[in-house]
1. Condition first: crowded, with 24+ Cβ neighbours inside 10 Å and over 19 Å from residue 288 (Cβ atoms). Now tell me which residues in the stretch 172-189 satisfy that.
2. Output the residue which, of all residues in the stretch 150-168 that are free of Cβ contacts under 8 Å to residues at least 60 places away in the same chain and near ligand 1 (Cβ under 10 Å from one of its atoms), is nearest to residue 183 (Cα to Cα).
3. Does the stretch 107-114 include one or more residues that are within 15 Å of ligand 2 (Cβ to nearest atom), at negative phi and touching a residue at least 12 places away in the same chain (Cβ under 8 Å)?
4. Looking at the stretch 1-34, which of its residues are assigned to a loop (DSSP other than H, G, I, E, B) and either touching a residue at least 24 places away in the same chain (Cβ under 8 Å) or touching a helix residue (DSSP H, G or I) at 6+ places or on another chain (Cβ under 6 Å) (or both)?
5. If I ask for residues that are farther than 30 Å from residue 212 by Cβ, more than 11 Å from ligand 1 (Cβ to nearest atom) and either at pLDDT below 90 or crowded, with 24+ Cβ neighbours inside 10 Å (or both), which ones from the stretch 278-296 would you list?
6. If you take the residues of the stretch 118-132 that are assigned to a loop (DSSP other than H, G, I, E, B) and farther than 19 Å from residue 206 by Cα, which of them is farthest from ligand 1 (Cβ to nearest atom)?
7. Among the residues of the stretch 115-142, write down those that are more than 11 Å from ligand 2 (Cβ to nearest atom) and out of contact with any strand residue (DSSP E or B) (no Cβ under 9 Å at 6 or more places or on another chain).
8. Conditions: (1) buried (at least 21 other Cβ atoms within 10 Å of the Cβ); (2) away from ligand 2 (no atom under 16 Å from the Cβ); (3) part of a helix (DSSP H, G or I). Residue 233 meets all but one. Number of the miss?
Ligand code: PSU
Ligand code: MN
């Protein structure tokens, strides 16, 4: 397969140093310029600070690239809307064959990370089951069921139906582990109140669960949910009101399919006048750091 690994990522993988995969849809479809570049680079820096190597993944003119350079991140972040394909499982072959730019979602990033031999991936919110549309199930959940990568996330935005999202994860055989929490975080807020499969207190304990599942030869993903740092979360009512308004607008305007998530994210940020964006970036950088710690602990267990 034509994966293009950066020298830093290739060296780290060869030497069994910890590597953390990062997605690119949050750069192109999740955050506006220049917050997207600042956040992407902030995540990479947080991973390096704890002794791991970041590998931001995207399709660059048909080339699946693992470990984007700063220039490549900057370029992707500034491309005009509509010129970067949002790449989930079904889209990767299209973007490669048509030599397009493609931003990988959680599903797309998991696939490429696994091909490259990267076990840990850090992001913000995963896709899920959409509120009021129980048949609009993100391919992220199906990918988590079939691809052995651990995904560190802030739970899922409550633009989604969180109880149904957990049901689908259960059906797909995906354990959801809280790190420092026993309930599913709701992205902008620290808790949805929904119980999880296990709760751990340290990255080392999380790494042990990943290693045990891998030792058993199980090929499913593992979700590690980390709440937004205390003090950076949004008030519950504010988050909920903005989400209700944004989802109603999506409904009224007939937005559907892969356009729903980016539309709602953008509207929530506008409605909350950027308050949501602060929680968003704080959580992304924190998850990257935790991902680095888990990858480091995992590489100790799995030399
Ligand atoms: N949730 C966020 N920010 C994001 C996404 C989700 O809070 O940027 C992106 C991720 O890349 C995720 C994708 O994998 O949206 C899910 O899209 P869909 O619902 O079309 O599967
Ligand atoms: Mn969706």
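The values are calculated or read from the model by the stated rules, or taken from the named source; none is laboratory data. Keep in mind that this is a model prediction, so the values were computed, not measured. Cβ placement follows ideal geometry from the backbone for every residue including glycine, while neighbour counts extend to all protein chains displayed.
1. Looking only at the stretch 172-189, we keep the residues that are crowded, with 24+ Cβ neighbours inside 10 Å, and these are 178, 184-188.
184, 186, listed by residue number.
2. Here the residue is 156.
3. As a first pass, look at the stretch 107-114 and keep what is within 15 Å of ligand 2 (Cβ to nearest atom): 107-108.
Right, trim to at negative phi and you get 107-108.
Filter once more, so that each one left must be touching a residue at least 12 places away in the same chain (Cβ under 8 Å): 107-108.
Within the stretch 107-114, one or more residues are within 15 Å of ligand 2 (Cβ to nearest atom), at negative phi and touching a residue at least 12 places away in the same chain (Cβ under 8 Å).
4. 1, 2, 6, 16, 17, 18, 23, 24, 31, 32, 33, 34
5. If we filter the stretch 278-296 for residues that are farther than 30 Å from residue 212 by Cβ, which is where we start, we get 278-282.
Then drop every residue that is not more than 11 Å from ligand 1 (Cβ to nearest atom), which leaves 278, 281-282.
Passing the criteria: only 278.
6. The first filter runs over the stretch 118-132 and keeps only residues assigned to a loop (DSSP other than H, G, I, E, B), leaving 118-119, 123-128, 131-132.
The next check asks that each one be farther than 19 Å from residue 206 by Cα; those that pass are 127-128, 131-132.
Values: 127: 3, 128: 7, 131: 12, 132: 14 Å.
Of everything passing the filter in the stretch 118-132, 132 is farthest from ligand 1 (Cβ to nearest atom).
7. Answer for the stretch 115-142, where residues must be more than 11 Å from ligand 2 (Cβ to nearest atom) and out of contact with any strand residue (DSSP E or B) (no Cβ under 9 Å at 6 or more places or on another chain): 132, 134, 142.
8. It is condition (3) that residue 233 fails.
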